[in-house]
Amino acid sequence: MSEVLERIWQFQQISRVELVEHTGLTSGTITNLTHELIGLKIIREFEAVSGNVGRRRVMLGLDSSLYRIIGLDIGRATLEVVVVDLNGKIIKSIERDMSERRGPDEYFDVIGPLLTETKREIENAGYTVLGLGTSVPGPMDYSTGELLNPPNFPGWSGFPLQRTLEERFGMVTLIEDDARTSAMAERWYGLGRNVQDLVFITMGIGIGGGVVSGGKIVRGTNGLCGQVGHMTIVIDGKICDCGNRGCWETVGSIPGILGRWSGGGSMEQLREAIRQGDAEALRCLEDTLGYLETALINVYNLYDPELVVLGGRLYPYLADYLLPVRNHLRSRLYAFAKDRLRIEPSTFGTSQSAVGAAALLFGFLLSEPVRLLALAEGG
Ligand SMILES: [Zn+2]
């Protein structure tokens with residue numbers, strides 16, 4: 001069933017005959033499985049007019065009429081809740097400023113009413129909530145659902161987030177590090193529909209990465225896979241929160257960039273100084289792009305991704321320089337790989353990790369639809 005569902009997601013609209021071709025299953029099996037999925041309201045039939053002869057064909061696609069998924073992004077400065085349908089369309093998005101709040105208690109004063117109200121609203125409108133995906137500033141312990149001492153996030157170390165959310169709101173709850181949820185947003189709802197190997201890089205206050213390999217998220221032994229912000233870029237550079245020296249994050253994140261700019265001020269002020277041709281600002285920009293290129297070359301040589309997606313609050317300030325960065329990379333990459341170099345901006349902008357949190361549940365639905373529906377109805 002999972003294989004059939006995954007093909008329907010991938011193609012967005014596909015006929016039963018095409019499903020037989022793509023899965024190798026018999027037409028009888030496809031008939032039974034699609035009948036069952038239609039009964040569960042996960043997929044639906046619709047008529048499409050095909051080609052120049054105008055013949056009508058019955059196609060299958062995901063059904064958005066019954067299920068909703070809630071995504072929660074717990075960030076250091078903001079909190080976001082999104083509601084999406086099975087096609088990843090954002091139905092609703094609410095953001096709250098959390099810069100004055102510290103620790104789980106103060107966060108839950110905001111999360112509590114927000115989630116209760118969102119869930120009630122969805123149910124009152126006749127929809128079923130499949131579950132709650134949550135993204136956190138990693139790292140975390142995947143066996144217990146606890147946060148592991150995230151930098152610049154006091155009071156959260158060892159907090160049993162998954163259990164607390166599950167008990168309090170009665171929804172199936174999945175948790176993941178925010179760079180990985182961002183990667184999953186692309187994988188399931190964005191540019192990754194036909195891409196098996198992608199790296200998502202989020203650049204802001206910190207720099208994080210999420211690696212999708214063979215269509216699956218990769219965590220590594222300690223959940224550190226894809227921590228691209230902590231690759232060493234400056235030998236003997238500044239000490240980083242992680243314990244290493246000269247990490248990309250120490251020179252390439254927003255605080256890292258502003259710390260190198262002798263002019264002082266915000267990213268907006270730096271952009272203005274660059275526009276006016278200020279020599280110090282231009283040098284700061286040149287170094288920033290140099291670090292970015294070096295980091296990207298390392299990412300390409302380590303992971304060999306088909307697609308690199310760039311996002312985060314810093315990205316808008318670098319977007320204008322993506323073309324020269326890409327061209328420099330081409331000249332530094334293996335000759336046979338350089339024509340396939342693909343770097344794109346993220347699909348969901350500032351909502352990327354919240355949408356990706358919801359995408360965790362979507363991934364669960366594609367792999368085990370019957371089990372998730374049973375869990376969701378029991379909740
Ligand atoms: Zn580091």
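The values are calculated or read from the model by the stated rules, or taken from the named source; none is laboratory data. The shown structure was predicted, so the numbers you read here are calculated from the model rather than taken from an experiment. All Cβ positions, even for glycine, are placed from backbone atoms using ideal geometry, and neighbour counts span all protein chains on display. Remember, those area values only see protein heavy atoms, side chains included, never the ligands or the DNA or RNA. Shrake-Rupley method; radii C 1.70, N 1.55, O 1.52, S 1.80 Å.
Please indicate, with yes or no, whether at least one residue in region 346-369 is of a type in the set (D, E, K, R), part of a helix (DSSP H, G or I) and open to solvent by 70 Å² or more (accessible area, probe 1.4 Å).
No.
Within region 204-229, take every residue that is assigned to a strand (DSSP E or B) and surrounded by fewer than 24 Cβ atoms within 10 Å (Cβ to Cβ) and give me the one that is nearest to the ligand (Cβ to nearest atom).
Val218
Can you go through Asp241, Asp236 and tell me which one is within 16 Å of the ligand (Cβ to nearest atom), without any contact (Cβ under 8 Å) to a residue 60 or more places away in the chain and among the charged types (D, E, K, R)?
Asp236
Considering only residues that are closer than 18 Å to Ile297 by Cα and away from the ligand (no atom under 16 Å from the Cβ), look in region 188-203 and name the one that is most open to solvent (accessible area, probe 1.4 Å).
Top of the filtered list is Asp197.
Pairs under 7 Å by beta carbon, first residue in a loop (DSSP other than H, G, I, E, B) in region 59-82, partner crowded, with 21+ Cβ neighbours inside 10 Å, six or more apart or different chains?
Going by the 7 Å Cβ cut-off, the qualifying pairs are Asp63/Ile42; Asp63/Ile43; Asp63/Leu86; Ser64/Leu86; Gly75/Pro137; Arg76/Pro137.
Right, Leu341: over 23 Å from the mean Cα position of the chain (by Cα) and either in the same structural domain as Cys225 (by TED's automatic domain parsing) or surrounded by 15 or more Cβ atoms within 10 Å (Cβ to Cβ) (or both) or not?
Judged against the criteria, Leu341 is not a match.
For residues in region 320-331 being in contact (Cβ under 8 Å) with a residue 12 or more places away in the chain and open to solvent by 40 Å² or more (accessible area, probe 1.4 Å), which is farthest from Tyr300 (Cα to Cα)?
Looking at residues that are in contact (Cβ under 8 Å) with a residue 12 or more places away in the chain and open to solvent by 40 Å² or more (accessible area, probe 1.4 Å), I get Tyr321.
Under 9 Å by Cβ, and 6 or more places apart or on different chains, what pairs join a residue from region 245-270 that is among the basic types (Lys, Arg) with one that is in a loop (DSSP other than H, G, I, E, B)?
Arg245/Val234; Arg245/Ile235; Arg245/Asp236; Arg245/Gly237; Arg245/Lys238
Testing Arg120 on (1) assigned to a helix (DSSP H, G or I); (2) of a type in the set (Lys, Arg); (3) surrounded by 16 or more Cβ atoms within 10 Å (Cβ to Cβ), one condition comes back false. Which one is that?
Exception for Arg120: condition (3).
What's the total number of residues in region 276-316 that are within 28 Å of the chain's Cα centre (by Cα), polar (S, T, N, Q) and closer than 21 Å to Gly263 by Cα?
So the answer is 1.
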